[in-house]
Amino acid sequence: MTSEIAQERRIVTEIPGPRSRELQERRRAAVPPGVGSVLPVYVTDAGGGVVVDADGNSLIDFGSGIAVTNVGNANARVAERVKAQVERFTHTCFMVAPYESYVQVCEALNALTPGDHEKRTILVNSGAEAVENAVKIARYATGRQAVVVFDHGYHGRTLLTMTLTAKNMPYKHGFGPYAPEVYRMPLAYPFRWPSGPENCGEEAARQAIDQITKQIGPENVAAVVIEPIAGEGGFIEPAPGFLPRIAEFAEANGILFVADEVQTGFARTGDLFACEHEGIVPDLITTAKGIAGGLPLAAVTGRADIMDKVHGGGLGGTYGGNPLACEAALAVLEEIEARGLVERARAIGDTMLPRLRELAAAHEAIGDVRGRGAMVAIELVKPGTKEPDPQLTAEVARRCHQAGLLVLTAGTYGNVLRFLPPLVIPDHLLNEGLDILADAFTAATA
């Protein structure tokens, strides 16, 4: 189950090369500029730990399509199951004429997500759609309207999920008015907590609970929605104790705890789901991205007594749980188990985090190194301060791209480099990518 693409970095033209630049010109005439791209190289092949562009350059992939291709791009097991399905049928709409693979995916998620209680799952198309449905279900089940979210959170680009999202640019700016009854609370952000990381978890939880109690009233809150590790916000791992305390408060007040695991799910953090790290058992959990190896699929999994409350026909969608995507998801789950990718994610973290800490020791501009498993990041600041440095972040990313390493930026302040290598990346590419990153820092800070 390994990619046939040569697992090597290969630079044969400038990046982007002439063919990619030609395609970029065509894009400008056909696609609005509001649809951005991290790196305008046009991909022709991808697999293992590399993406190959239209000019024949082979780049090391530290992005995985934003944590989507955890099992590798064009994974053989995924491709075989999808090919077999596309030859049988491509669509009936599960709400019209159902099929077994939808049920199989739901059964698997019911079994694999945290908690041994009875569960139900619905399948939809995207992470935003999953979060939106989780809020619908929570409001219906509780009879309440208010939804609590947290600083630095990202939950999607639809009207409701854009409202839930904390960051203005580029996600919210100019797109209001926003959905009502959404309230934002402080997140336990250890690097930036005023009294220091050692106090962060307890103080942030206390502040959030106090604000919910005073400003909204717990009896009016349907759900708290939170990422166990804030993704687009900068891979912020909430200080220990924060998530359990919020979950306890929610349970004590009849509030549903919704874990948004769209980016953290499916082995990415060294657990199958990130909320397992502190023993969190959510009432509802949303998943997407890594669920189906690149095909559009997402899910809401939750307690049966909650999920079963919604009236017949109240949930669904034309393409939700498409049979091709369902077959891909079943293949992904087989691949995670067969190749030990939960353990592999931990091993990737064991390689990356020490190397990044060494880099931080050599460069004062790296203020923080954080993350778990194969979801790690560095936060860049002006030396001697905690002032964000998005300019340096962009320059380091640019130099990485020029040298053949695909990296992504993130963070509320645009000053985080985040690393999401495929869980099947070979060790030699992982280490070569870290070498390129180190060289990019040396050049950018010279």
Exercise for review: Have a look at HIS173, HIS155 and point out the one that is in a loop (DSSP other than H, G, I, E, B) and in contact with a helix residue (DSSP H, G or I) (Cβ under 8 Å, 6 or more places away or on another chain).
Suggested key: HIS155
Practice item. Consider ALA299 carefully, then state whether it is within 16 Å of ARG120 (Cα to Cα), among the hydrophobic types (A, V, I, L, M, F, W, C) and buried (at least 18 other Cβ atoms within 10 Å of the Cβ). Key: yes
Exercise for review: Select from the range 207-220 the residues that are farther than 13 Å from GLY241 by Cβ and either part of a helix (DSSP H, G or I) or not assigned by TED's automatic domain parsing to the domain that holds ALA138 (or both) and list them in ascending order.
Suggested key: GLN207, ASP210, GLN211, ILE212, THR213, LYS214, GLN215, ILE216, PRO218, GLU219, ASN220
Review point. Does at least one position in the range 261-281 carry a residue that is in contact with a Cys (Cβ under 9 Å, 6 or more places away or on another chain) and surrounded by fewer than 18 Cβ atoms within 10 Å (Cβ to Cβ)?
Key: yes
Check your understanding: Can GLU87 be described as of a type in the set (Asp, Glu), without any contact (Cβ under 8 Å) to a residue 24 or more places away in the chain and either under 20 Å from PHE273 (Cα atoms) or not assigned by TED's automatic domain parsing to the domain that holds ALA374 (or both)?
Key -> yes
Point to revise | Test: ALA230 is buried (at least 24 other Cβ atoms within 10 Å of the Cβ), touching a His at 6+ places or on another chain (Cβ under 8 Å) and under 21 Å from ASN133 (Cα atoms) | key: yes
Revision key, fill the gap. Every listed condition ((1) crowded, with 22+ Cβ neighbours inside 10 Å; (2) part of a loop (DSSP other than H, G, I, E, B); (3) not small (Gly, Ala, Ser)) holds for VAL147 save (2)
Point to revise | Selected residue [surrounded by 21 or more Cβ atoms within 10 Å (Cβ to Cβ) and at pLDDT 95 or above] from ALA108, ALA128, ALA79, ALA84 | key: ALA128
Revision key, fill the gap. Residue set PHE242, PHE266; condition touching a helix residue (DSSP H, G or I) at 6+ places or on another chain (Cβ under 9 Å), of a type in the set (Phe, Trp, Tyr) and under 18 Å from ALA111 (Cα atoms); output residue PHE266
Practice item. Give, as residue ranges, the strands (runs of 3 or more DSSP E) completely inside the range 1-81 that count at least 1 residues that are without any contact (Cβ under 8 Å) to a residue 24 or more places away in the chain. Key: 43-47
Review point. Going through the range 111-131 one residue at a time, which ones are in a loop (DSSP other than H, G, I, E, B) and under 22 Å from PHE94 (Cα atoms)?
Key: ASN125, SER126
Study note, to complete from the structure: All conditions in (1) surrounded by fewer than 16 Cβ atoms within 10 Å (Cβ to Cβ); (2) out of contact with any helix residue (DSSP H, G or I) (no Cβ under 9 Å at 6 or more places or on another chain) are true of THR90 except (2)
**Study point:** Residue check, GLY48 outside the structural domain of ARG157 (by TED's automatic domain parsing) and either buried (at least 20 other Cβ atoms within 10 Å of the Cβ) or modelled with pLDDT of 95 or more (or both)
**Key:** yes
**Study point:** Residue that is in contact with a strand residue (DSSP E or B) (Cβ under 9 Å, 6 or more places away or on another chain), outside the structural domain of VAL376 (by TED's automatic domain parsing) and among the small types (Gly, Ala, Ser), where the choices are ALA204, ALA239, ALA252
**Key:** ALA204
Point to revise | Lone qualifier among LYS172, LYS214, LYS167 - being exposed (fewer than 15 other Cβ atoms within 10 Å of the Cβ) and among the basic types (Lys, Arg) | key: LYS214
Revision key, fill the gap. Exactly one of PRO186, PRO98 is more than 17 Å from ALA292 (Cβ to Cβ), assigned by TED's automatic domain parsing to the domain that holds GLU327 and loosely packed, with under 14 Cβ neighbours inside 10 Å, and that one is PRO98
Check your understanding: In the range 158-169, which residues are assigned to a helix (DSSP H, G or I) and either in contact with a strand residue (DSSP E or B) (Cβ under 9 Å, 6 or more places away or on another chain) or among the basic types (Lys, Arg) (or both)?
Key -> LEU160, THR163, LEU164
Point to revise | Single residue of THR385, THR393, THR412 found to be buried (at least 19 other Cβ atoms within 10 Å of the Cβ), assigned by TED's automatic domain parsing to the domain that holds LEU437 and without any contact (Cβ under 8 Å) to a residue 40 or more places away in the chain | key: THR393
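The values are calculated or read from the model by the stated rules, or taken from the named source; none is laboratory data. None of the values given here were measured: they were computed from a predicted structure. For neighbour counting, all protein chains shown are included, and Cβ atoms are generated from backbone atoms with ideal geometry for every residue, glycine included.
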